[in-house]
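The block underneath contains the structure these notes are about, expressed in structure tokens.
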Amino acid sequence: MYVYLYKSAGRPAGVRALKTVLRDYAARKGADIDGVAAERCVIERAPGGKPYFRDFPKIKFSVSHSGAWWACLVGTAEAGLDIEDLSFRKTRNHRYLSVARRFFSADEREYVRAGNDDPEALKGRFFFVWTRKEAYLKYMGEGLGFGLDSFSIFDELPGARFETVSAGRDIQAACCCGAGETPEGLIFIKQNSLG
């Protein structure tokens, strides 16, 4: 399982980046997927909205984007990924607390509120919870409509565990994987490698 990151310089990553990831992942894992097969691969959506490779159902992925950043977690097990670019997010305590009140469980709200004396700490705590909640929903194959307040990241979630993805000072990212899974590496995609 690998996490791929791409920072856009104006043009969006999208399907082109996803196919670059598929080619790279196949090469790293010795999978029998050549460049032509990766380029022709069809991406479809499951009933809950989760995308998948129709031609390579054993390869699972989760995509997230925020600001100029695009990220993809790819492996052979179900997983979910969320990334948030904090560099352009203004620190407005009342906004984070309001969102937490509306969408977070009681223990998550308390965790976020514990950083209320320091605006940067509050923002960090808020996105620590938010990225894990989104990653879990993607892992489950559900969208935001499932209910962000229907579970807590601090509870034991059957078969799932969270990993922090360290990608830089202004990036908050997390993945949710099966209990025995963990990302093996972080790979930055260069601008000129997107065909």
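The figures follow:
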item: Residue list for the stretch 98-117, filter: farther than 15 Å from residue 147 by Cβ, touching a residue at least 40 places away in the same chain (Cβ under 8 Å) and surrounded by fewer than 18 Cβ atoms within 10 Å (Cβ to Cβ); result: 107
item: So residue 164, is it of a type in the set (S, T, N, Q), buried (at least 18 other Cβ atoms within 10 Å of the Cβ) and within 20 Å of residue 63 (Cα to Cα); result: no
item: Residue in the stretch 52-62 that is β-branched (Val, Ile, Thr), surrounded by 22 or more Cβ atoms within 10 Å (Cβ to Cβ) and either touching a helix residue (DSSP H, G or I) at 6+ places or on another chain (Cβ under 8 Å) or in contact (Cβ under 8 Å) with a residue 60 or more places away in the chain (or both) present; result: no
item: The listed residue being in contact with a Phe, Trp or Tyr (Cβ under 8 Å, 6 or more places away or on another chain), part of a helix (DSSP H, G or I), at pLDDT below 90 and among the aliphatic types (A, V, I, L, M), out of 17, 31, 38; result: 17
item: Failed condition for residue 75, given (1) crowded, with 19+ Cβ neighbours inside 10 Å; (2) touching a residue at least 60 places away in the same chain (Cβ under 8 Å); (3) touching a Ser or Thr at 6+ places or on another chain (Cβ under 9 Å); result: (3)
item: Test result for residue 129, without any contact (Cβ under 8 Å) to a residue 24 or more places away in the chain and surrounded by 18 or more Cβ atoms within 10 Å (Cβ to Cβ); result: no
item: Given (1) part of a helix (DSSP H, G or I); (2) in contact with a strand residue (DSSP E or B) (Cβ under 6 Å, 6 or more places away or on another chain); (3) hydroxyl-bearing (Ser, Thr, Tyr), number of the condition residue 4 does not satisfy; result: (1)
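The rows are residues; the columns are (1) at pLDDT 95 or above; (2) within 21 Å of the chain's Cα centre (by Cα); (3) outside any loop (DSSP other than H, G, I, E, B); (4) among the hydrophobic types (A, V, I, L, M, F, W, C).
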position	(1), (2), (3), (4)
110	yes, no, yes, no
115	no, no, no, no
121	no, no, yes, yes
125	no, yes, yes, no
134	no, yes, yes, no
139	no, yes, yes, no
142	no, yes, no, no
149	no, yes, yes, no
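The values are calculated or read from the model by the stated rules, or taken from the named source; none is laboratory data. The shown structure was predicted, so the numbers you read here are calculated from the model rather than taken from an experiment. Positions of Cβ are backbone-derived with ideal geometry, glycine not excepted, and every protein chain shown enters the neighbour counts.
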